[in-house]
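The values are calculated or read from the model by the stated rules, or taken from the named source; none is laboratory data. This is a predicted model, so every value here is computed, not measured. Cβ placement follows ideal geometry from the backbone for every residue including glycine, while neighbour counts extend to all protein chains displayed. SASA here: full protein model, heavy atoms, side chains in, ligands and nucleic acids out. Shrake-Rupley method; radii C 1.70, N 1.55, O 1.52, S 1.80 Å.
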Amino acid sequence: MSNIKIITLNVKGINNVVKRRKILSMLKKDKVQVALLQETHLTDLEHLKLKRDWVGQIFYSSFNSKSRGVAILIHKNMSFKLEKVIHDTEGRYVVITGFLYGEHVLMGSAYAPNTFDSSFYSKLLADISSICPPFVILGGDFNCGLVPEMDHSPSKTLPLSRMAKATKDLCLDLGLFDAWRIINPREKDFTFFSRPHRSFSRIDYLFVSRSTLDRTKSCSIDACILSDHSLVSIELLPPYYDPLSRHWRLNSSLLSDPEFVTYLEKQWELFISTNESPDVSASTLWETGKAFLRGGIISYTAAKRKNALAKQLELEQQIKTLDRVFKTSSSVSVFKKLEAARSALDQLLTQKAESAIFFAKHRLFESGNKPGRLLASLAKGRAGSCVIPSLKDFKGKQHFETKVIRDQSFGEGTANHTAILNNFWCSPFVSQCS
């Protein structure tokens, strides 16, 4: 399963058939699987014409052929099963929910008004919050910069506009994050250039939920020659857990280890004392702090596994030595030491086995009913042996040699083949063949 590439782009009108074709070709070349488009300037009938080439499903909200209009294009190879479509009558947003590779997802494309309109935000909030699943991707042109000093050039020092405050409140209420800003906390980049004002701004966003952010591999702003807006793209890991992939997950049993908890507290204190400053926002500090702790936990668990393996090898060597000594001396003290070493090794191996069984059950519970290699192997089951270990000929003599079995089965010509096969029996499967 390849990663999923999702983009948002204000296309600035694609009612021209040539431009429409160029946009679709560009998205195909970039291997886009989900496209969230704004300002399509298409009617309902014209929107349906986008369903061609790589586009397998299209969902849209139309206004007229000269303004607004939003659409969601989904690649024909994407395993998306639609559940519900919500779109307003003003051509401002379209929201869909469904199942992508077995996971419940919500995707939306929005085009905010150029001036503040409270009804837009309240309607969008009401529609999304009523069905908000764990995996949410909301992209669009929101016509405002959320951080004036970072999202505008020249930088602005004015207070947040009402549109920016409403957009931030919308994200806060829905638990959404600005994916590009989270991944690029200190970088300046822009998605729109205003020719009259000779200024740059970042007004196009991809807002994602916490669960989606955890699966985000990259998020970037790329130039688009077919529009006056830049394209914002995000690359996500497939929205299901592949049991054989290397997704890190905290071993929750570590939290019952006082030594680990103390180590974690010291690591967090070290991170805060080093990185906390007025220039770093709380959300950025929290996200980077989690990445720092993840690295520390991986280092801690790796050292713990290494120590456990060293202890196991030491006990095994100790048991071998004591066993040799006990066989020659039959000493009671040596026997007690041998039993103690065996008990310690047995306890260590029991802990490993219990841990492996726990994680196997957890993996089966989480991924056993989802498409993937685990489900495929479970559905396939164990293949029965196809080996013929012995064969009886017409005289009743049983043969075990491979060469003789082959000669008896196929060496006397195809005319006798059916008769021979009807008269032989396989020793492991006598009950089935009799």
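Brief remarks follow.
- In this Cβ point-charge picture (+1 for Lys and Arg, -1 for Asp and Glu), the range 65-215 has a dipole of about 340 debye about its Cα centre.
- Per residue value of the accessible surface for the chain (all protein chains in place, 1.4 Å probe), Å²: 57
- Extension gain for the segment K19 to A344, taken as residue separation times 0.36 nm less the Cα-Cα distance, is 109.7 nm to one decimal.
- Comparing L254, L206, L391 in a Gaussian network model of the chain, where Cα atoms under 10 Å apart are tied by springs, the biggest mean-square fluctuation is seen for L391.
- Using a probe radius of 1.4 angstrom, the carbon and sulfur fraction of the accessible surface of the range 252-366 is 60%.
- The chain - mean residue ellipticity at 222 nm from DSSP helices (-39,500 (n - 2.57) per run, n ≥ 4, rounded to 500): -13500 deg cm²/dmol
- The longest stretch of the chain left intact once loop-based GluC sites (Glu not before Pro) with at most 14 other Cβ atoms within 10 Å are removed from consideration, loops following DSSP, is 1-186.
- The Cβ shell under 11 Å around F335 holds other residues with a net charge of +2, Lys and Arg each +1, Asp and Glu each -1.
- Residue list for the range 335-367, given a label point 7 angstrom along the Cα-to-Cβ vector of D323 and an amide N cut-off under 14 Å: 338-343, 345-346
- Centre separation in Å (Cα based) which lies between the range 157-175 and the range 55-129: 20
- Counting protein heavy atoms only, the range 4-236 has 53 percent of its accessible area on carbon and sulfur, 1.4 angstrom probe.
- Span-rule helices in the chain, defined as complete DSSP H runs reaching 27 Å or more along the axis (Cα) with Kyte mean at least -1.0: 282-329, 332-367
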